[in-house]
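Enquirer: Before I ask anything, here is the structure I am working with.
Please treat every number below as a calculation from the coordinates, not as lab data. Everything numeric here is computed off the predicted structure, so don't read it as measured data. Cβ coordinates were reconstructed from backbone atoms using ideal geometry, including for glycine residues, and neighbour counts include every protein chain displayed.
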Amino acid sequence: MKTNLFPAIKLTIATILLFCGAYTMLIWTIAQLDPHKGQGEMLRVNGKKYYANVGQAFTLDKYFHSRPSAAGYNAAGSAGSNKGPSNPEYLDMVQARIDSFLIHNPGIDKTEIPVELITASGSGLDPHISPKAALVQIKRIASLRKLPEEQLRKLVQQNIESPLLNMMGPSKVNVLKLNLALDSIR
């Protein structure tokens with residue numbers, strides 16, 4: 001028994017030290033290289049705090065809309081819906097999002113709707129949309145805010161974030177930052 005018990009205890013202690021100590025310190029050290037020190041990006045505008053790395057609900061038509069959230073934009077309950085693409089309930093939800101988008105964006109064809117505006121992300125908290133998803137909403141916002149569409153196109157272009165090292169991942173637009181920039185216009 002001693003021949004098996006002591007090595008098991010040693011292995012348990014070594015594993016605890018490795019994964020609870022060394023691994024945690026390694027991840028913490030890497031997080032310190034981030035400009036926000038692993039704390040997330042917090043913006044303060046007019047005395048209000050916003051987290052730019054967490055998706056937010058924008059439902060007013062005068063704003064760019066975010067990607068739908070399966071978690072209701074609640075960071076404590078981050079999760080996808082776990083419903084597959086053939087699930088009738090999921091298909092009804094996507095169709096309702098398509099119908100809503102078409103009502104709020106007249107003149108847009110169903111085939112022009114980017115997929116991220118009608119499907120939730122895996123975490124349910126994705127703060128980004130594609131440049132195409134932002135551009136498809138310009139007509140609605142320009143009409144409501146009485147702004148030239150070209151001015152809004154430039155605003156979207158100014159808020160496009162390049163891929164990591166200009167080669168890893170797609171270009172994207174942070175919806176919160178874009179809407180804050182939009183509010184600063186008028």
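Enquirer: Got a sec? Charge dipole of region 65-186, +1 on Cβ for Lys and Arg, -1 for Asp and Glu; which of S81, Q95, L182 is way out at the positive end?
Expert: Most positive-ward Cα: L182.
Enquirer: So what's the Cα pair-distance distribution over the chain, bin width 10 Å, in %?
Expert: 8, 27, 30, 16, 9, 6, 3, 1, 0
Enquirer: Now a separate question. Enter the Cα centre distance for the pair region 6-41 and region 114-186, rounded to the nearest angstrom.
Expert: After rounding, the separation between the Cα centres reads 36 Å.
Enquirer: Among I138, G107, G122, pick out the residue whose Cα is farthest towards the positive end of the charge dipole of region 41-185, where Lys and Arg carry +1 and Asp and Glu carry -1 on C-beta, about the Cα centre.
Expert: I138
Enquirer: Something else about it: Which trypsin sites (Lys or Arg not before Pro) in region 41-140 pass both tests, a DSSP loop state and at most 15 other beta-carbon atoms within 10 Å?
Expert: On the way: sites: R44, K48, K49, K62, K83, R97, K110, K132, K139, R140; in loops: K62, K83.
Passing sites in region 41-140 are K62, K83.
Enquirer: Mind checking the dipole of the chain: about its Cα centre, +1 per Lys or Arg Cβ, -1 per Asp or Glu Cβ, Debye to the nearest 20?
Expert: Dipole magnitude for the chain comes out near 480 debye.
Enquirer: List the lysines whose Cα sits under 17 Å from the Cα of K146, skipping any in the same chain fewer than 8 residues away.
Expert: The qualifying lysines are K62, K154.
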